[in-house]
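Some notes on the structure that comes next.
The values are calculated or read from the model by the stated rules, or taken from the named source; none is laboratory data. Computed from a predicted structure; not experimentally measured. Note that we place each Cβ from the backbone using ideal geometry, even for glycine, and neighbour counts take in every protein chain shown.
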Amino acid sequence: MIELIAPACAFAMALFITWLMLRTRWQWALDKPNERSLHTGVVPRTGGLAIIAGLCAAAVMIAAAGGRLPLWQIGAPVLLLVLLSLIDDRRSLPVRVRLPAHLLAALWFVLILALAGGGVAWVWVPLLVIGVAGFANLYNFMDGANGLAGGMAVFGFTSYGLALSGAGISEGAGDPALAALCFAIAAAAAGFLCFNLSGRIFMGDAGSVPLGFMAAAIGVQGWAAGHWPCWFPLLVFAPFALDGTVTVMRRMLRRERFWEAHRQHYYQRLVRLGWSHSQLAAAAYALMALCGAGALWALEAPPIWFALIFATIALLFVVLALLVDAAWRRAQAKP
């Protein structure tokens, strides 16, 4: 029952707070368009607070119902990231401040998981710290179009919740409390999306960075506990992980300042090629749903079917990337 009540509470809370912020025109932080933006007007970027508020309300309900949540492993660093990102949304902190804090949050999570006997060997600690902090930043990089980051949260954390509640678990026994939390994150993001899809409000770093951190941290925790293989979270969040990783690697090869804002992601190029935000969101949601469903199916599939699912989705990403690259080159070649 808590797997239904907690998400419903998270959705209602996020929906109400987002509406209230727009209604009262609360302008703690504003996103002003520049040469790297995909929007043309000044938009508040405080929606992440609504998502976090919905998540916190759901977490209290789950804990009150007797559910055991990873509050020290994940909850504490998430709060640190929210506070830091709120300041960043307001004052634009330099990377020399943000990156160490992100690494500290990731180190906190990984060390507590390892010290608590969470199934993480010490040899994995450095790689996991870099991976968790890196994906928190990649998720933030991908938050640049209406409905994109919120939609990834809906599809990604719903897939986590289904796996943890028993839909396709082959190695672990599930975790009802963590499943309820994942459903609540997805529901809170859905409440925010009711206003974000039209571009009236953005989630800001206070929403995107913690969401990326939780996506990576819960993925690692589920792998360490034996709920899913290591490839499962990577496949679930592949639409963000691949776009972000490929774009960053390309910028690094060109010796560009890859940590700075830009408009070179695949989703950004599609908008610059003439796609509307709604068209981009619809296409992205189809891809997110495919990755989530494919990952859940592959959990229980025989090896041959797992290989087929993985190869099909990988081929699809390659084809889509090549098509966008070709269209971009044609557009750039025009006088």
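Working only within the range 17-29, note down all residues that are surrounded by 15 or more Cβ atoms within 10 Å (Cβ to Cβ) and assigned to a helix (DSSP H, G or I).
Matches in the range 17-29: ILE17, THR18, TRP19, MET21, LEU22.
What's the total number of residues in the range 6-54 that are at pLDDT below 90 and of a type in the set (Ser, Thr, Tyr)?
Within the range 6-54, residues that are at pLDDT below 90 and of a type in the set (Ser, Thr, Tyr) number 2.
Take ALA314 and decide whether it is more than 14 Å from MET142 (Cβ to Cβ), part of a helix (DSSP H, G or I), under 19 Å from the mean Cα position of the chain (by Cα) and not aromatic (Phe, Trp, Tyr).
Considered against the rule, which asks whether it is more than 14 Å from MET142 (Cβ to Cβ), part of a helix (DSSP H, G or I), under 19 Å from the mean Cα position of the chain (by Cα) and not aromatic (Phe, Trp, Tyr), ALA314 comes out as no.
Answer yes if at least one residue in the range 259-274 is hydrophobic (A, V, I, L, M, F, W, C), crowded, with 18+ Cβ neighbours inside 10 Å and at negative phi, and no otherwise.
Taking the range 259-274 and keeping what is hydrophobic (A, V, I, L, M, F, W, C), we get 259, 261, 270-271, 273.
From the residues that got through so far, the ones that are crowded, with 18+ Cβ neighbours inside 10 Å too are 270-271.
From the residues that got through so far, the ones that are at negative phi too are 270-271.
Yes: the range 259-274 contains one or more residues that are hydrophobic (A, V, I, L, M, F, W, C), crowded, with 18+ Cβ neighbours inside 10 Å and at negative phi.
Mind listing whichever residues of the range 90-136 are over 21 Å from GLY204 (Cβ atoms), surrounded by 15 or more Cβ atoms within 10 Å (Cβ to Cβ) and among the small types (Gly, Ala, Ser)?
Across the range 90-136, the qualifying residues are ALA114, GLY118, GLY131.
Give the range 65-81 a look and list any residue that's more than 19 Å from the chain's Cα centre (by Cα) and over 18 Å from LEU164 (Cα atoms), or say none.
Of everything in the range 65-81, just one residue is more than 19 Å from the chain's Cα centre (by Cα) and over 18 Å from LEU164 (Cα atoms), namely TRP72.
Just checking, how many residues over the range 17-34 are under 15 Å from ASN196 (Cα atoms) and among the β-branched types (Val, Ile, Thr)?
2
Part of a helix (DSSP H, G or I), buried (at least 18 other Cβ atoms within 10 Å of the Cβ) and either within 23 Å of the chain's Cα centre (by Cα) or among the aliphatic types (A, V, I, L, M) (or both), is that true of LEU323? Give the derivation first.
Numbers: part of a helix (DSSP H, G or I): yes; buried (at least 18 other Cβ atoms within 10 Å of the Cβ): no; either within 23 Å of the chain's Cα centre (by Cα) or among the aliphatic types (A, V, I, L, M) (or both): yes.
For LEU323, the condition - part of a helix (DSSP H, G or I), buried (at least 18 other Cβ atoms within 10 Å of the Cβ) and either within 23 Å of the chain's Cα centre (by Cα) or among the aliphatic types (A, V, I, L, M) (or both) - is not met.
Cβ-Cβ below 6 Å, separation at least six or inter-chain, first residue in the range 271-283 and touching a residue at least 40 places away in the same chain (Cβ under 8 Å), second in a loop (DSSP other than H, G, I, E, B): which pairs?
Close Cβ pairs (under 6 Å, with a partner that is in a loop (DSSP other than H, G, I, E, B)) amount to VAL271/LEU38; HIS277/ALA145; HIS277/ASN146; LEU280/ALA145; ALA281/GLY147.
Could you look through the range 76-95, keep only residues that are β-branched (Val, Ile, Thr) and over 18 Å from ASP31 (Cβ atoms), and pick out the one that is modelled with the highest pLDDT?
Pass one, the range 76-95, residues β-branched (Val, Ile, Thr): 78, 82, 87, 95.
Then keep just the ones that are over 18 Å from ASP31 (Cβ atoms); that gives 78, 95.
Details: VAL78: 96, VAL95: 88.
Among those residues, the one meeting the criterion is VAL78.
Can you tell me which residue in the range 44-99 is nearest to THR18 (Cα to Cα), limited to those that are out of contact with any Gly (no Cβ under 7 Å at 6 or more places or on another chain) and of a type in the set (D, E, K, R)?
ARG90
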